[in-house]
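Participant: Structure provided below as structure tokens; questions to follow.
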Amino acid sequence: MKATVSAYTTPGIRLIVSFLIKVSLPSYLLYRAVRHCLPSIDVHLGWGCYTVLGSLMMFLLHILYTHLLSIYHLHRARLLNAQPLPSVSGRWPGNFDLLRQWLGIWQTGYPGDIAGRIMNQLGGTETYGVKLFWHDTAFTADPGIIREILTTDHANYIK
């Protein structure tokens, strides 16, 4: 019998490497762009500064991406004559104020209490959307939709 050796990388290593690439690549590209565009200026910023600026750049690009994705989804919904979900929005960017308010309610009550309040605010709807941290999230209490997600058509839904 011949012994075989397999080089298997664990999912944790792959996750760490992809995270390091996502964090370090924008910093490096920003560094190279500054050095290329401003070669006569002899400014030496440390790698920490480029890392912070690169991370900020990635954060802003992520917000732009999710905003453009929302516009695309609204456009596709209009083409299909679909109506967007009724949604809740806060006053702070990313709806951080809603999350802060909800965490306060969760300390003294149940998470379902918030859903009931929101459904009443939106006119008794059983399905609504919230954009938390610039990501669209749908909540539902409609048994038909829950049944479809969990049993009937579960392969088409992200869990």
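Participant: Enumerate the pairs (first residue in segment 51-67 and more than 15 Å from A33 (Cβ to Cβ); second residue anywhere and part of a helix (DSSP H, G or I)) with beta-carbon separation below 7 Å, excluding pairs fewer than 6 apart on the same chain, so at least 6 apart or on different chains.
Facilitator: S55/V23
Participant: With respect to L79, determine if the residue is at negative phi and open to solvent by less than 100 Å² (accessible area, probe 1.4 Å).
Facilitator: When the stated conditions are applied, L79 does not pass them.
Participant: Taking segment 86-134 only, how many residues are surrounded by fewer than 11 Cβ atoms within 10 Å (Cβ to Cβ) and within 28 Å of L64 (Cβ to Cβ)?
Facilitator: 3
Participant: Continuing with the same structure: Of the residues V52, V34, only one is more than 25 Å from the chain's Cα centre (by Cα) and surrounded by 12 or more Cβ atoms within 10 Å (Cβ to Cβ); which?
Facilitator: Within the list V52, V34, the selection yields V34.
The values are calculated or read from the model by the stated rules, or taken from the named source; none is laboratory data. Owing to the predicted nature of the structure, the values given are computational and were not obtained by experimental measurement. Glycine gets a Cβ as well: all are built from the backbone with ideal geometry, and neighbour counts include every protein chain shown. Ligands, DNA and RNA are excluded from the accessible area calculation, which covers all protein heavy atoms including side chains. Shrake-Rupley method; radii C 1.70, N 1.55, O 1.52, S 1.80 Å.
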